[in-house]
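To start, the structure itself, in structure tokens.
The values are calculated or read from the model by the stated rules, or taken from the named source; none is laboratory data. Model, not experiment: these values are computed from the prediction. Every residue, glycine among them, receives a Cβ derived from its backbone with ideal geometry; neighbour counts consider all protein chains shown. For the accessible areas, the whole protein counts, side chains as well, though only heavy atoms, and no ligand, DNA or RNA atoms are used. Shrake-Rupley method; radii C 1.70, N 1.55, O 1.52, S 1.80 Å.
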Amino acid sequence: MNQHDNNRVLCYRAQSHARKFCLVAFAVLTTFGVSSCGTSESSISAAESRQLVTVGVTKVVKKTLNRRITLSSELVPFQEIDIYAKESGYVKSLNVDYGTHVKAGQLLATLEIPELQAQLQEDKSDIKNADDQISRADHELKRDDAQYNALHLEYTRLNNVFKNQPGIVAQQEVDDSQGKDLAAASQVDAGKSSLAAAHSQLGSARAKLARDQALFDYTRITAPFSGVVTQRYANLGALVQAGTNSSTQAMPIVRLSEDDLFRLVIPIPESYVRYIHAGDPVDFHVASLNRTFPGKVARFSVDVSQDTRTMHTEVDVRNPGHVLMPGLYADADVNLEHREDIPSVPLQSINHEGDRNTVFVVNPKGQIEDRSVTLGIQTATDTEVISGLSEGEEVVVSDRSGLKPGEQVHPKSVAIMQYHETESE
């Protein structure tokens, strides 16, 4: 091979290496360019995603809402009285003490009143005297009546002879007989009056005995209803004054409280009076016993106290096991309003703008909408939505500052913490 041929071979090899280098360089550049373009697009997408604001949302759901108010209340006996003596006397016996449970009609104490005992004896003597006078008046009336019958018969015969056979009987004899007949009739009338007076005296004596016996019966002091003795004021031998005497400082013997039935007295504030109805459920918690009891509104005063601006409301509480005691305090949960299966949202989703209530709604496109709503019943955590929202729509419950209608956001469902739906006073 000559020099010319060698030169052509070297030139061909050089050109071949140059073409390979160019192909490799093109491939590297192409690969780098493609890689660089993909990285740029990914970075732009991530940047756009980072620019969307994430907001906490919750859906409009149907719930049962109960609006309740918790009020401090007091348990008082359904009946509680101080028992006084009807008549003044000395305490002869005292059968009860603090905490004694008694039944209606059970003897609590006995008084000793010597004056009344003597009066009863006198009344019985008066009755016996009245009986004797009745017996005496009755005998005298029978005697007078017999004399009258005899004299009246004699006068009748003489008068008939005088009329039918003139001249046989003198007029003087007829007149004398008539006089005796009239006198006997008057005597009979007087006897009847005496007998009636004796009966009247007997009735008066018996009435006096009944009155004094009734007063004497008050020496036995009994329980007017079943309950427990919560106070004892008197001791044996003590002189107690009559409770009906206003001129002296009468002292009761005991205080009796009904313990089978209590009144839970609840002072309802003026702003809630319109919600109270007989039969409304009331649950009350007695902290000292760590127990909760059910009940219902039994009655209320239908007026608001000018001093406290509250309405006296009562719940009847039965106490068959005698667990409750007079004077215990309780927290009463009073039901104000109740709605079932109503659209509701958390209170924290509501914007208050004067008289207008609005919510931020995230539409299906992920955009913010400012929606006016009409609200109904409200609890401590939720509120009824009467209009403006539909079930299933998402409302913003997170911080709404900086959000604007039409803004694109990233919604994220959040759980709303539920609280006991009550209001405390």
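Residues checked against (1) under 20 Å from Ser257 (Cβ atoms); (2) of a type in the set (Phe, Trp, Tyr); (3) surrounded by 12 or more Cβ atoms within 10 Å (Cβ to Cβ):
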{"residue": "Phe284", "(1), (2), (3)": "yes, yes, yes"}
{"residue": "Ala287", "(1), (2), (3)": "no, no, no"}
{"residue": "Val297", "(1), (2), (3)": "no, no, yes"}
{"residue": "Ser301", "(1), (2), (3)": "no, no, yes"}
{"residue": "His312", "(1), (2), (3)": "yes, no, yes"}
{"residue": "His322", "(1), (2), (3)": "yes, no, no"}
{"residue": "Ala330", "(1), (2), (3)": "yes, no, yes"}
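Of all residues in the stretch 168-207, which are within 23 Å of Ala137 (Cβ to Cβ) and open to solvent by 80 Å² or more (accessible area, probe 1.4 Å)?
If we filter the stretch 168-207 for residues that are within 23 Å of Ala137 (Cβ to Cβ), which is where we start, we get 180-207.
Selection gives Lys180, Leu182, Gln187, Asp189, Lys192, His199, Gln201, Arg206.
Can you tell me which of Gln117, Gln121 is assigned to a helix (DSSP H, G or I), more than 23 Å from Val240 (Cα to Cα) and open to solvent by 60 Å² or more (accessible area, probe 1.4 Å)? Give the steps one after another, and end with the answer.
Values: Gln117 fails: more than 23 Å from Val240 (Cα to Cα).
When all the criteria are applied, what remains is Gln121.
Any residue at all in the stretch 227-234 that is surrounded by 13 or more Cβ atoms within 10 Å (Cβ to Cβ), outside any strand (DSSP E or B) and not β-branched (Val, Ile, Thr)? Quick ask: steps written out before the conclusion?
Step one: list which residues in the stretch 227-234 are surrounded by 13 or more Cβ atoms within 10 Å (Cβ to Cβ), which gives 227-234.
If we keep only those that are outside any strand (DSSP E or B) as well, we get 233-234.
Those left that are additionally not β-branched (Val, Ile, Thr): 233-234.
Within the stretch 227-234, one or more residues are surrounded by 13 or more Cβ atoms within 10 Å (Cβ to Cβ), outside any strand (DSSP E or B) and not β-branched (Val, Ile, Thr).
If you take the residues of the stretch 336-359 that are open to solvent by less than 20 Å² (accessible area, probe 1.4 Å) and touching a residue at least 60 places away in the same chain (Cβ under 8 Å), which of them is nearest to Val53 (Cα to Cα)? Spell out the reasoning first.
At the first step, the residues of the stretch 336-359 found to be open to solvent by less than 20 Å² (accessible area, probe 1.4 Å) are 336, 342, 344-346, 349-350, 358-359.
Retained after the next criterion (residues that are touching a residue at least 60 places away in the same chain (Cβ under 8 Å)): 336, 342, 344-346, 349.
On the way: Leu336: 40, Ile342: 31, Ser344: 25, Val345: 22, Pro346: 21, Ser349: 17 Å.
The residue in question is Ser349.
Could you please find all residues in the stretch 273-305 being of a type in the set (Lys, Arg) and either more than 29 Å from Gly321 (Cβ to Cβ) or not in a strand (DSSP E or B) (or both)?
Residues of the stretch 273-305 of a type in the set (Lys, Arg): 274, 291, 296, 299.
Answer for the stretch 273-305, where residues must be of a type in the set (Lys, Arg) and either more than 29 Å from Gly321 (Cβ to Cβ) or not in a strand (DSSP E or B) (or both): just Arg274.
Against the condition more than 13 Å from Ile69 (Cβ to Cβ), aromatic (Phe, Trp, Tyr) and open to solvent by 50 Å² or more (accessible area, probe 1.4 Å), how does Phe262 come out, does it pass? For Phe262, the condition - more than 13 Å from Ile69 (Cβ to Cβ), aromatic (Phe, Trp, Tyr) and open to solvent by 50 Å² or more (accessible area, probe 1.4 Å) - is not met.
Quick grid of which residues meet (1) in contact with an Asp or Glu (Cβ under 7 Å, 6 or more places away or on another chain); (2) surrounded by 19 or more Cβ atoms within 10 Å (Cβ to Cβ); (3) closer than 25 Å to Asn319 by Cβ:
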{"position": "Arg68", "(1), (2), (3)": "yes, yes, yes"}
{"position": "Leu75", "(1), (2), (3)": "no, yes, yes"}
{"position": "Ile81", "(1), (2), (3)": "no, no, yes"}
{"position": "Tyr90", "(1), (2), (3)": "yes, no, no"}
{"position": "Asn95", "(1), (2), (3)": "no, no, yes"}
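In the set (1) modelled with pLDDT under 90; (2) within 30 Å of Asp123 (Cα to Cα), Arg206 fails one condition alone, (1).
Can you say whether Ala104 is open to solvent by 50 Å² or more (accessible area, probe 1.4 Å), of a type in the set (A, V, I, L, M) and either within 28 Å of Ala210 (Cβ to Cβ) or touching a Pro at 6+ places or on another chain (Cβ under 8 Å) (or both), as far as the supplied structure shows? The answer is yes for Ala104. Inspect the stretch 155-167 for any residue being of a type in the set (D, E, K, R), surrounded by fewer than 16 Cβ atoms within 10 Å (Cβ to Cβ), out of contact with any Leu (no Cβ under 8 Å at 6 or more places or on another chain) and at pLDDT 90 or above and give the result as yes or no. No, the stretch 155-167 has no match at all.
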